[in-house]
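Written out below as structure tokens is the structure these notes cover.
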Ligand code: ARG
């Protein structure tokens, strides 16, 4: 296969070298961005009088034809070409003849690939954001429906204090909200156009970089041509955001796996989102949650991989940077399917409210409230803590909950207890009394849900 750069060479490239060097098998997914970038480039060349209007039109028509034919499947992107840039240019020349050879005026593949990647990642940042929004809507629905679904809150995976399902899910709402805000930051930081940086030192043609940037929807052109062709920070930042999203999905998955276990039975996964065992007929496994948890590793791997690839590179472009693609493409596909599947799973999951509530009741999650009751009656907290602890010990010996102790039993530990202790440590009171902003008490929870609603409405606009 003739190379774009064949002129200086007298010998054919060794086949193994050709294959090792080629990127077409993965960078073909950039075809749309490559063509879009070229269209803007020639339009600018014509405006600057570097190409004639006629040449520009002919190139643009040729490029449009290539785009159309790739999308309708009549033009296949094969490994006959070294990379997507060679594919587009070779096809253009084949279609419109010598004028096609002018496309690459004032451009290098270095700024071209930098542009293609930016356009691609920019689109994907938006797509990931949209998927997260879909997930947030499901979480919001679960929250709205469960402000009075009591469940144990845990620390060290030991029952700690009672919360509600709305409150627990609300924690994930915050995480995914932060993930969206990270994506927005990345978008704004990366939204500058590297085209016109040339190979590394700009060009001698009078390019209008502001104009190309504007045509492609960027906030402006990048400010240093060497940085422009060697910057992959935005890919790293995006991978880091994806890794964090996966970390959040993985933690949530882990909880769902625990909640779905025979011991907990807090949730029941929908049949459509679980799988069976080939040998054990009774099994209904949380494979989707497990796979989301499992796939987190490869997204972290992509981030580590690219950080490591970049760490020793001198300025400006080095072929190492071709390695920016496969990892991020795989991470994008992985995260896209994980958010989509997780959203469906969460949306169809059924909560066993009665089981959750009885679990909260039977784990002494109101022991702190017993202590608080004493404190409110003048007992110093340290003493109150120890009285409540002794009551817990009694309950463990008799295998019952604090609510089941008789008033006499309460009084044997402290004379302060009155009949209103039962009301004071009921699950409902325990949760309802927690009214600091961000706590599970219904009044504040409804306030948070309202804020979430405003946030979602705003995002929809
Ligand atoms: N396939 C290359 C990449 O992905 C395109 C840029 C090639 N530039 C070069 N000077 N060889 O990075």
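Every read-out reported here was derived from the displayed coordinates using simple, explicitly stated rules and does not represent laboratory data. Note that the structure is predicted; figures quoted are calculated from it, not measured. Positions of Cβ are generated from backbone atoms using ideal geometry, with glycine treated the same way; all protein chains shown enter the neighbour counts.
According to the calculation over all Cα-Cα pairs in segment 55-192, the P(r) per 10 Å bin from zero is 10, 24, 20, 16, 12, 11, 6, 1 %. Building the convex hull from the alpha-carbon atoms of segment 15-118 and averaging its projection over directions returns 6.5 nm².
Counting Cα-Cα pairs of segment 126-208 in 5 Å increments starting at 0 gives whole-percent bin shares of 3, 12, 15, 12, 11, 10, 9, 6, 5, 4, 4, 4, 3, 2. Legend: ranking of residues 86, 38, 278 from fewest to most surrounding C-beta atoms inside 10 Å; resulting order 278, 86, 38. Look at 184, 156 and count the other Cβ atoms within 10 Å of each Cβ; fewest to most, that gives 156, 184.
Descending by average beta-carbon neighbour count within 10 Å, the peptides 309-319, 94-104 line up as 94-104, 309-319, the highest first. Translational diffusion coefficient of segment 330-422 (Stokes-Einstein, Kirkwood radius from Cα pairs, 37 °C, 0.692 mPa s): 204 µm²/s. In segment 218-340, the alpha-carbon atoms span a convex hull of 135 Å³ per residue.
From largest to smallest, the equivalent ellipsoid semi-axes obtained for the chain from the alpha-carbon gyration tensor read 62, 23, 19 Å.
Using a Förster radius of 60 Å, what is the FRET efficiency between residue 275 and residue 227 based on their Cβ-Cβ separation? Nearest 0.05, please.
0.80
Entry for segment 1-44 at q = 0.19, 0.23, 0.29, 0.34 Å⁻¹: log10 I(q)/I(0) = -0.78, -0.88, -0.99, -1.12, Debye formula applied to identical alpha-carbon scatterers, no solvent contribution. The label point for residue 171 and the one for residue 411, both projected 7 Å from the Cα toward the Cβ, are 4.0 nm apart. The residues 259, 5, when put in order of fewest to most other Cβ atoms within 10 Å, stand as 5, 259.
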